[in-house]
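Nothing in this text is a laboratory measurement; each read-out follows from the coordinates by a stated rule. Here the structure is a predicted model, which is why all the values come from computation and not from measurement. Every residue, glycine among them, receives a Cβ derived from its backbone with ideal geometry; neighbour counts consider all protein chains shown.
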Amino acid sequence: SRFETCWPALMKDSHGVIIIFNPELPSHLKEIEMWYSCFVQQQPLLDSQCLLVAHHKPGSAGDTENLALAYPLNKLKLIHSNLEEDPEDVRMEFIKYFRSIITIINESREREEMSIIS
């Protein structure tokens, strides 16, 4: 990819990764494994710092709701977004995700402060 040289700058000091993909494209299902490997595992971030969003285009087939991802992607939080039907659900999931990231940041900051004190 043309942007691979920019990745280290994007990853630097990142606290979370949201991967949005089209579940109807088999190529996307392969690509998210690469994104997860580069942006989550190699950083390293916790799986809880990663959110997968299967985005369904208006009028697309709904049977991808039963999306079965292979290991290690199946350990990640997966939400389905369909902005025509339930934008509020997606909004609530994003808020939950951001809260969990803030908790992780605060906990690591407290640990750092304690290590400096001791």
Q | Sequence ranges 73-85, 8-20, ranked by mean other-Cβ count within 10 angstrom, highest first | A | 73-85, 8-20
Q | Helix axis angle, 26-36 relative to the chain longest principal axis, alpha carbon, degrees | A | 0 degrees
Q: Using label points projected 7 Å from each Cα along Cα→Cβ, tell me how many nm separate Ile20 and Ala68, to one decimal.
A: 2.9 nm
**Q.** Packing-based ranking, highest mean first, of 25-35, 42-52, 106-116 given that Cβ atoms within 10 Å are counted
**A.** 42-52, 25-35, 106-116
Q | Pair Ser48, Ser60: separation of 7 Å Cα→Cβ label points (nm) | A | 2.9 nm
**Q.** Computed label-point distance, nm, for sites Glu85 and Ser118 using a 7 Å Cα→Cβ extension
**A.** 5.0 nm
Q: Report which label in (1) 15.9; (2) 18.0; (3) 15.1 holds the value of Kirkwood radius over Cα pairs in Å derived from the coordinates of this structure.
A: (1)
